[in-house]
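The values are calculated or read from the model by the stated rules, or taken from the named source; none is laboratory data. These numbers were taken from a predicted model, which means no experiment stands behind them. Heads up, the Cβs are rebuilt from the backbone with ideal geometry, glycines too, and the neighbour counts pull from every protein chain shown.
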Amino acid sequence: MPVYSFYIFDRHAECIYKRRWLPRPTSIAGKPSRATDAQAGSTGLGQTVKAGDDDAKLVFGTVFSLRNMVRKLGGEEDNFVSFTTSQYKLHYYETPTNIKFVMLTDLKSPSMRIALQQIYINLFVEYVVKNPLSPVEHPGGVGVNNELFEESLEQFVTRVLA
Amino acid sequence: MAAPPRHVSMLSISNSNTGAPQSASSDKPQTPQPSPSPQPTSGLRVPSNRKTIYDRHLNRSRNAELSRASFAYLFAEMVTYAQRRVTGIQDLEKRLNEQGYPLGLRLLDLLFYRSTSTSSSALSSSSTSSSPPNRPLRILPLLHLIHGPLWRLLFQRSADALEHSVSPDTPNEYMITDNDPLVNTYISVPREMNMLNCAAFIAGIIEGVCDGCGFEAKVSAHNQPTEMWPSRTVFLLRFGDSVMEREKVLERNGVK
Amino acid sequence: MSATKASRIGEETRIDKVNAELVTLTYGTIVAQLCQDYDNDYQEVNKQLEKMGYNIGMRLIEDFLAKSGVGRCANFRETADMIAKVGFKIFLNVAPTVTNWASDNNQFSLIFEDNPLADFVELPDDGRAQDELWFSNILCGVLRGALEMVNFASPFPVQMQIEAHFVSDVLRGDDTTEMRVSLVRYIEDEMPPEEE
C-alpha cells in the first residue's frame with residue numbers, strides 16, 4: 001500500500017522529521033512551485049526538515065486541533081486515530097511524552113496506528129533516543145535524520161508496509 | 001616506545017586510593033579489595049546496619065544483570081560530557097579512552113579475584129591461604145585473557161577474533177575484533193565524524209588491563225565495517241618496546 | 001492503577017540486559033571523572049550529576065513508555081508507584097519503597113534497600129565527601145527529566161515539574177538511602193507557535 005509521507009512532531013510543536021515516498025495527492029501538494037519536491041526519487045536519504053515548509057505546519061495544526069476536539073467530545077481516554085479525504089488517509093499516533101507521529105497513505109490502507117507505534121518503539125527510541133550522538137531534543141530536526149534511523153525507516157516502509 | 005606519561009599519572013591516581021592522605025584527590029576508591037578487612041580502618045562513618053562494601057560479598061553482583069538501556073544512557077552521557085570538553089574526534093576518543101582506563105584496572109582485579117576463588121571455601125580466606133593470581137607473563141596469555149574472560153565478564157561472550165600483525169615491521173601489533181560492540185549498538189555516526197569510534201572507551205579498558213598486568217601498551221579502536229557487521233570494530237594493541245624485549249628474554253628462558 | 005499491578009508490569013516487562021558490573025563501574029568512572037574535573041568540589045559534582053540525570057531522564061522516559069506500554073497516571077500517588085515499581089525495576093532492577101507521604105499528597109520518599117550504582121563504592125576519606133557528595137545524585141535528575149516529559153491525565157494533558165533530592169545515603173554512614181520527591185507544579189501543553 002502506498003505511503004505518501006511521514007512526519008514527527010516534538011513536544012514543542014516543531015516538525016523534527018519529514019519524509020516523502022510518493023508524489024502526494026494534489027490536494028495537499030501545496031504551491032505548484034513545490035511540485036518538484038514531491039517527485040519520487042527526489043526523496044533520497046538525508047532529506048531534512050526545512051523550516052518554513054508549510055505543509056508540516058498545516059498538518060500539525062490539524063492534528064493538534066483534532067486531537068483536542070476528540071478529547072473534549074469523547075473524554076480524555078478517547079483518541080484521534082485517522083481521517084480520510086477523497087485523496088488520502090492521515091494516520092496519527094501520539095506518545096504519552098507528546099511526540100506525534102503522522103503518516104499519509106492511500107485510501108485503501110488499513111489502520112497504521114500499530115505501524116506508527118512500531119516506528120516509535122523500534123526505530124525512534126532505539127536509533128534516535130538512545131543515540132549518544134543525537135541531542136536529547138531535536139530543534140530543527142538535528143539528530144533524527146541519522147543513518148540508522150533513516151535506513152531502518154526506509155526498510156520498514158518499503159518492506160514491511162509494502 | 002617510551003611509556004606515555006598519561007599512564008604513569010593514571011596509575012598513580014588509581015594506586016593512591018588505598019590510603020594515601022591525598023587519595024581523595026581524583027578517584028573514587030571503588031577498587032574491589034581482594035581480601036576484605038572486617039573493619040574499615042578509615043575515619044569514614046559506617047551505617048549501624050553494616051551496609052558497607054566490606055560486609056558484602058564481592059561476588060554478589062557476579063551474575064547480576066541490569067538493563068542494557070541503562071548502560072546506553074550512562075554511556076551516552078559520558079560521550080556527551082566528553083564532547084563538551086574536546087576539540088576534535090581524536091581528542092574525544094582520547095578522553096573516552098581515559099575514562100575506560102581505570103575500569104580496566106578494576107576489572108583486572110575482579111577477574112583475578114574470581115579466577116582464584118572459585119570454590120566457596122575461599123570466600124573468607126585471607127590473602128595468605130589463597131593461591132597467587134594467575135597473572136599472564138607473556139603476551140599471548142594476556143591476549144587470551146582479554147579475548148576470553150574479560151570480554152565474557154563485560155559482554156557475556158568472547159571477542160570475535162584475535163590476530164597478530166602480519167607485517168614484519170610491526171611485530172608488536174595485535175588485533176582483537178568485535179563484530180558488534182555493545183557500546184556502538186545505538187550509535188549512528190554522522191558522516192562528517194566518520195572516523196569516530198566510541199568503542200575508544202573499550203580500548204581504554206583494554207589498555208587498563210594491559211597496564212595493570214605490566215604490559216605497557218597503546219590501544220585504539222578502529223571502524224572496519226563489513227556488509228554483515230556494519231559496526232565491526234578492530235582494537236589495535238601496540239605493545240611498548242620494553243614489553244617486546246622482555247618477551248624475547250622470557251621466550252629464551254622458556255616461560256610460557 | 002494499583003501498586004500490585006504496577007509491580008507486575010515491572011516484573012514482566014522484557015528488557016535487554018547487560019552485566020550489572022559494567023553499569024556500576026561505568027557510573028563509577030563518570031563520578032570519578034567529575035570529581036577530577038571539578039577539583040573535588042562536591043556541590044558542583046552533585047549539580048553536574050543531576051544535570052546528566054535530567055538528560056538521561058528525558059531519553060529514558062521514551063524507552064520506558066515504549067517498553068512498559070503503561071498509560072498515563074491518574075495522580076501523583078499513582079506516579080510514585082509507577083516510578084518505584086516499574087521504572088526502577090526496569091532500569092536498575094530494584095524496587096524502592098514508596099513512603100512518608102506528605103498530607104497534601106505532593107511529596108513522598110523512596111527508600112532504597114539496594115542501589116546497584118553504589119555497589120563497590122566507598123566515598124573518599126577526605127573529611128568532606130561524606131558530608132557533601134551525593135554519589136547517586138544522577139537518579140534525582142533522571143526522575144526530574146522523565147516526569148517533565150510525561151503527560152499527566154487531566155482534561156488536557158499536562159506535564160509535571162518535580163524536585164528530588166537525597167536526604168540520606170548508606171555511603172554517608174546513614175542507615176538508609178532515602179530520596180525525597182516533591183511535586184512542584186504542572187506544566188501546560190505547549191501550543192504551536194503563532195502564525196506570522
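Points to keep in mind about this one:
- Test for residue A:79: is it surrounded by fewer than 16 Cβ atoms within 10 Å (Cβ to Cβ), within 14 Å of chain C (Cβ to nearest Cβ) and under 18 Å from residue A:11 (Cα atoms): yes
- Residue count for region B:185-196 satisfying the condition of being more than 9 Å from chain A (Cβ to nearest Cβ) and more than 14 Å from residue A:146 (Cα to Cα): 1.
- Considering the conditions (1) away from chain B (no Cβ under 14 Å); (2) more than 11 Å from the chain's Cα centre (by Cα); (3) among the hydroxyl-bearing types (Ser, Thr, Tyr), residue A:127 is excluded by exactly one of them, (1).
- With respect to (1) within 19 Å of residue B:188 (Cα to Cα); (2) in contact (Cβ under 8 Å) with a residue 60 or more places away in the chain, the lone exception for residue B:84 is condition (2).
- Any chance residue C:104 is within 8 Å of another protein chain (Cβ to nearest Cβ) and either over 13 Å from the mean Cα position of the chain (by Cα) or at positive phi (or both): no
Table: residues versus (1) more than 14 Å from chain A (Cβ to nearest Cβ); (2) modelled with pLDDT of 95 or more; (3) within 19 Å of residue A:129 (Cβ to Cβ).
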site	(1), (2), (3)
C:23	yes, no, yes
C:33	yes, no, no
C:53	no, yes, yes
C:62	no, no, yes
C:66	no, no, yes
C:71	no, no, no
C:77	yes, no, no
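- Residue ranges of helices (runs of 4 or more DSSP H) in region C:82-196 with at least 2 members within 22 Å of residue C:48 (Cβ to Cβ) and modelled with pLDDT of 95 or more: C:138-149
- Residue in region C:107-119 that is touching a residue at least 40 places away in the same chain (Cβ under 8 Å) and farther than 26 Å from residue C:4 by Cα present: yes
- Residue that is nearest to the other protein chains (Cβ to nearest Cβ), among those in region B:152-167 that are part of a loop (DSSP other than H, G, I, E, B), farther than 18 Å from residue B:243 by Cβ and of a type outside the set (A, V, I, L, M): B:156
- Some residue of region B:186-198 being at pLDDT 90 or above and not basic (Lys, Arg): yes
- Scanning region B:188-224 for residues that are surrounded by fewer than 22 Cβ atoms within 10 Å (Cβ to Cβ) and within 14 Å of residue B:176 (Cα to Cα) yields B:218, B:220, B:222, B:223, B:224.
- Within region B:66-90, if we keep just the residues that are surrounded by fewer than 18 Cβ atoms within 10 Å (Cβ to Cβ) and not in a loop (DSSP other than H, G, I, E, B), the residue that is farthest from the other protein chains (Cβ to nearest Cβ) turns out to be B:90.
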